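For reference, the structure discussed in these notes is given below.
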Amino acid sequence: MIHSSSTAELADDLATASAPRKRSFWRALLAGPSGLIGLVIVAVLIFAALTAPVIAPYDPLRMAAGPRLDAPSTNYLMGTDDFGRDVLSRIIYGARLTLQIGVIAVGISLSCGLLLGLVAGYSSGWTERVLMRLVDVLFSFTEIVIALACLAIFGVGLTNAMIAIGIASIPFYARVTHSVVLVEKGKPYFEAAVAAGAGHLRLIFLHLLPNVVPTLIVIGTLGVSTAILAAAGLSFLGLGAQPPQPEWGFMLSSSRDLISRAPWMMIFPGLAIATTVLGFNLLGDGIREALDPRQTDR
Amino acid sequence: MDDTRRRLRGLPALPGLALTASLTLGATTASAQELVWARYGDIDSLDPHRATSTLSMQVWDQIYDTLLAFDMEGNPGPNMAASWEASEDGLEYTFTLNEGIMCHDGTPFDANDVKFTIDRAFGDTPSLTKTSWGPITDVTVVDPLTFKVTLASKFGAFLPFLADSFSSMICDSNTAETFGSTTAIGTGPFSLDEWVKGSEVALSKNPDYVNYGEPYDNEGAPHIDRLLIRTVPEAQTRLAALRTGEVHIAEPPFDDIEAIKEAGELEIMVAENTGQDVFWEFTTSRAPFDDIRARQAVAYATDPQMAIDIIYGGLTNREWCPVARGVFGNDQEFCKQYGYEYDPEKAKALLAEMGYGPDNPLETTMFVWTGGNRHKLAEIFQSQLAQVGIDAGVEIMDIGTMNARVKAQNEDTTSDEPGTFDMMTWSWYDPDILYQLWHSPGAYSGYQSPELDAMLEETRTTIDPDARLEKVQAVIKYLMENAVHIGLYSPGWEWVFAVRPEVEGFKVGPFLHPNFLDVTVVSGG
Amino acid sequence: MGKFILQRLFAALVTIWIATIAVTILIHLVPGDPVRIMYGSFQTTPEELEAIRVRLGLDQPIWTQYLMYLERLVQGDLGRSIVGDQPVLDVLLTRFPATLALTVSSLAIAIVVGMSLGFLAAYKRGTWVDVGAMVLAIVGVSMPHFWLGLLLLFLFALQLQWLPVAGGDWRSLLLPALTLGLANAAVLARLTRSAMIDIFDQDFIRTARAKGLPRSIVLYRHALRSGLVPVVSMLGLQFAYLMGGAIVIENVFAWNGVGRLAIEAVLSRDYPLIQGFILFFATVVALASVVIDIAYAFLDPRIRYS
């Protein structure tokens, strides 16, 4: 849950950043080590997810694909689990679930948070105060508690966990959007548009929205990593993925009874989560740096 | 009053008993002996009327005592009650209590305490297992050592129930609000020091305890001074703690058992006669399992023998009957005739008959409760079912939730969602469990038929053992032929113990009741 | 200052008030009949369920229920748990000290490790120390807490057997506190570094250096103190996140706090306990943030919130 630390800081940085010029953006992204490494990791993940049936050596659900609890070998690069399933194949297929979690959870929180933040920031006055006060309160409940409350309502399961995580992060995205909107509203171009008599919808969607997007791309990318961590955590606790889903957090949780007998069952899914999360974090940092070169050294 | 108490407390320390105790103690107890028993979960309540879990029952066993006691074969015999008599019509039982039984708070235990317990079980907030007491209408105290129980109809499982932990005798001094959560006064071999919720139940030996009928050598108070029952959820952590000596007795991780045996560092004990039965049952109130063919298809498609071999090695047995080994009415050969041998082709044929096929799988959900590696078994069954075209999701939940959800599933006749099935587990000391599960409305509002109801009533009202066996087996045959209750394996939970070498005399009574009366901890072990 | 404290307290009360509304609504969002889901287990009859519904007031209109809830709340009554039928507040209060011990000790670890790392990185900005510290920090941020926990458990408790695993004494706090502390140290390290870089760039530090003041004085008296301000402002949130993180970590190490209780409650659908937990958690976090904010205001008199 790294959302907490740098909300305000990040929003300020990005809000003051100038709009990116397209050609230099990619060059800037690939220039720094963060962006490059992040992009490579994320690309590998997407590749694995798309080509899983081709590149996975075994069926991830097939039991007795090998002997039970077999240590890593040339046949089973990451060993086998207690059903004789190939751990590597399960991790490759798990990439699909992981991407799905990231996209769905961030999709929910991003779209709802964006809408809330735009409306609150644009409207000002009572609407803004009430909305943002509410968002602040929800934010202080912390994401995990909101997610738990949602799961208590919906019941457990991976899909429900994705939705719960999405809902839990809405306050964060609303806050970021709100603070960016406040900065944008003070800029001359916006005041000019208001003076020119632009309508509400025009002001919101044509003037504010495009300027909020760069910030949200960064936040959303970093948010994917948060969502993946949270979903893995919920699955680990038995509230998310259910058998036989090869979800990494769930795989970790099944490894607990076997850590001294088969440590590979604990090491590789953990590595997969950490690497993926690292990838999205680096990519997010990279994008931020590319959008705002002044911040490169921070 | 104070004088009486002191005098009465002195009574059970009869010379003979005191001698036995001191002889067995021998030279091993120079200092206070403490035994730590670690289990995966905590108790739900100290009140025997407020919980149903095995974890809770095993603690009640230490704090409370029962009127009757099972011998090692599981037959009930005298314990707190020295004798009893049934009236000819079988509707009235008169019990005589042993003299001098003391509650942990120093008050004498008498017929009023029995009445207190039974009235409480039928009171405003009745016992969770109220119906298993039977059709009791009245309890009358005749004199301090004699009481009379009146039943509305004959009840064949009455005496065995009085030996079960659900009938634990509660002293009538348990009137405080805190009873069940921080206080509990019984007459059992240990008294409660403290229950630290989620982590530990601390017990001290009850020096006044007299063993009237429990099948253990020790006839008096336990040899150990303290018994600490600790919650350690992770199997690996329990094993580590066993190795360092922090814990003396605990369930080990299944996959490490071979290695433990080879190393010889710990003794592995497997409980027998647990009364535990793991079985398939179905939501029969709507599709697909309102159709017997769907139920049979699940039974044919799954191979319990293979699954338990993989997950438990040789630690458990294939169970064909709806009541477990060691329970009246269990007969593997008899049950097998009506059982479903693993036969995926037959399953496919049944499914095809119903209109399911490779492009149109039967979709359903399997409920399983946490612990005992059952979720792993479920994964194997899930994969076996997939091979015949049954697409079963697995949902893992705790047993309380599963009980409630199975019942809700059965009562929901209108849902468009396909009905569920579940790996249910029950541990009971008598085939009366079948009455409680399947006599309408039944514990889960599951499968019901007037025919079955009539047969089940006869298992309750027939007292003569041979005649009752016939009635029970008729029910078993019916349940299996109709694919209502399909036995899978037994035992199934909390039945394997790893014991440190310095612990001697640890025994597990029938129906999984670990007992510490004979236990000593040899120092320097 | 008095006004500021009052404002912060008022905000905390609003938070708690909204939490009471949220938990009242929660029970009504559950699909199906909550009474049956909660109490409809083994051997309950429809009549008994109806009696429970009346006893809990669930047959009343929702606003009446809310008032009833508040009334009981004022008397310290959060209802009784389903599992084991115990007073919810008692259960939460017996478990809370364990969570508090875990949260506070990991906060201490996070502050010491995170701030030193961040400070060092800023001071040695651009060197391999900086790069190394930041790589460590981003890896730390990316690592699932529970995996770090499993690795530590595997290494220290199972392989090396250095630590007791099943006991309740202070030594069994080490691993969970270390896990949670290290995981959050990464966040603090990044934050501290960027705050310190800003400070080092500021004129007064340059002036102090130019005046020839000893380096250590410049560092500790000037830079560190000003650098602490933005970091301390985050501690309230850090505390909240540690409380949240504790929920998972308690389950890894079987640490007997409210977090483990919460997961058990969700898994067993023990709604009175879930409601109590949410309200309790919100209250603790709100009050903690008031305390930290006030401490912060004393620390840095320049800052006054409106």
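Annotations
- Restricting attention to the stretch A:145-204, the residues that are under 30 Å from A:PRO246 (Cβ atoms), free of Cβ contacts under 8 Å to residues at least 60 places away in the same chain and of a type in the set (Val, Ile, Thr) add up to 6.
- Counted residues, the stretch C:254-264 - those being out of contact with any Ser or Thr (no Cβ under 6 Å at 6 or more places or on another chain) and either surrounded by fewer than 24 Cβ atoms within 10 Å (Cβ to Cβ) or at the interface with another protein chain (Cβ under 8 Å from one of its Cβ atoms) (or both): 6
- When the stretch A:222-258 is filtered for residues that are away from chain B (no Cβ under 11 Å) and either over 17 Å from the mean Cα position of the chain (by Cα) or free of Cβ contacts under 8 Å to residues at least 40 places away in the same chain (or both), the ones remaining, listed by number, are A:PHE236, A:LEU237, A:PRO246, A:GLY249, A:MET251, A:LEU252.
- Condition met for C:LEU26 (surrounded by fewer than 17 Cβ atoms within 10 Å (Cβ to Cβ), within 23 Å of the chain's Cα centre (by Cα) and outside any loop (DSSP other than H, G, I, E, B)): no
- Residue list for the stretch B:221-240, filter: of a type in the set (Gly, Ala, Ser) and modelled with pLDDT under 95: B:ALA235, B:ALA240
- Residue under evaluation B:GLY355, criteria (1) farther than 19 Å from C:GLU264 by Cα; (2) within 11 Å of chain A (Cβ to nearest Cβ); (3) without any contact (Cβ under 8 Å) to a residue 60 or more places away in the chain, criterion not met: (2)
- Only one of A:ALA196, A:ALA147, A:ALA192 that is closer than 30 Å to A:THR98 by Cβ and not β-branched (Val, Ile, Thr): A:ALA147
- Some residue of the stretch C:88-100 being surrounded by fewer than 17 Cβ atoms within 10 Å (Cβ to Cβ), over 15 Å from C:MET196 (Cα atoms) and away from every other protein chain (no Cβ under 13 Å): yes
- Candidates A:ILE92, A:ILE101, A:ILE108 - the one that is within 30 Å of C:LEU235 (Cα to Cα), away from every other protein chain (no Cβ under 14 Å), at pLDDT 95 or above and touching a helix residue (DSSP H, G or I) at 6+ places or on another chain (Cβ under 8 Å): A:ILE108
- Annotation note: Cβ proximity below 7 Å between a residue of the stretch C:93-111 that is polar (S, T, N, Q) and a residue that is not in a helix (DSSP H, G or I) (sequence gap 6+ or interchain) occurs for C:THR94/B:LYS197; C:THR99/C:GLY257.
- Taken together, the residues in the stretch B:304-317 that are of a type outside the set (Val, Ile, Thr) and surrounded by 18 or more Cβ atoms within 10 Å (Cβ to Cβ) amount to 3.
Conditions (1) touching a Gly at 6+ places or on another chain (Cβ under 6 Å); (2) within 29 Å of A:SER254 (Cα to Cα); (3) of a type in the set (Phe, Trp, Tyr), marked per residue:
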site: A:THR74; (1), (2), (3): no, yes, no
site: A:ASP86; (1), (2), (3): no, yes, no
site: A:GLY94; (1), (2), (3): no, yes, no
site: A:THR98; (1), (2), (3): no, yes, no
site: A:ILE101; (1), (2), (3): no, yes, no
site: A:ALA105; (1), (2), (3): yes, yes, no
site: A:SER109; (1), (2), (3): yes, no, no
site: A:GLY113; (1), (2), (3): no, no, no
site: A:GLY125; (1), (2), (3): no, no, no
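- In the stretch B:162-171 there is no residue that is in a strand (DSSP E or B) and either at pLDDT below 95 or of a type in the set (A, V, I, L, M, F, W, C) (or both).
- All conditions in (1) more than 13 Å from chain A (Cβ to nearest Cβ); (2) in contact with a helix residue (DSSP H, G or I) (Cβ under 8 Å, 6 or more places away or on another chain); (3) surrounded by fewer than 23 Cβ atoms within 10 Å (Cβ to Cβ); (4) of a type outside the set (Lys, Arg) hold for C:LEU117, with the sole exception of (3).
- The one condition in (1) under 26 Å from B:GLU457 (Cα atoms); (2) out of contact with any Gly (no Cβ under 6 Å at 6 or more places or on another chain) that B:THR175 fails to fulfil: (1)
- Test: B:ASP422 is modelled with pLDDT of 95 or more and surrounded by 22 or more Cβ atoms within 10 Å (Cβ to Cβ): yes
- Flag for C:GLY212 being small (Gly, Ala, Ser) and not in a helix (DSSP H, G or I): yes
- B:ASP430 buried (at least 23 other Cβ atoms within 10 Å of the Cβ) and more than 14 Å from every other protein chain (Cβ to nearest Cβ): yes
- Qualifying residue in the stretch C:224-247 (condition: more than 9 Å from chain A (Cβ to nearest Cβ), surrounded by 24 or more Cβ atoms within 10 Å (Cβ to Cβ), closer than 19 Å to A:SER253 by Cβ and touching a Gly at 6+ places or on another chain (Cβ under 6 Å)): yes
- Of the helices (runs of 4 or more DSSP H) entirely within the stretch B:228-312, none holds at least 2 residues that are touching a Cys at 6+ places or on another chain (Cβ under 6 Å) and touching a residue at least 24 places away in the same chain (Cβ under 8 Å).
- In the stretch B:152-173, the residues that are within 15 Å of B:PRO108 (Cα to Cα) and either surrounded by fewer than 22 Cβ atoms within 10 Å (Cβ to Cβ) or more than 24 Å from the chain's Cα centre (by Cα) (or both): B:ASP172, B:SER173
- Subset of the stretch B:210-236 that is among the hydroxyl-bearing types (Ser, Thr, Tyr) and within 19 Å of B:MET57 (Cβ to Cβ) - its residue that is nearest to the other protein chains (Cβ to nearest Cβ): B:THR231
- Qualifying residue in the stretch C:67-83 (condition: out of contact with any Pro (no Cβ under 6 Å at 6 or more places or on another chain), free of Cβ contacts under 8 Å to residues at least 60 places away in the same chain, within 12 Å of another protein chain (Cβ to nearest Cβ) and surrounded by 13 or more Cβ atoms within 10 Å (Cβ to Cβ)): no
- Enumeration of residues in the stretch B:191-209 that are away from chain C (no Cβ under 14 Å) and of a type in the set (A, V, I, L, M, F, W, C): B:LEU192, B:LEU203
The values are calculated or read from the model by the stated rules, or taken from the named source; none is laboratory data. Keep in mind that this is a model prediction, so the values were computed, not measured. Neighbour counts are summed over all protein chains in view; Cβ atoms, including those assigned to glycine, are modelled from backbone coordinates with ideal geometry.
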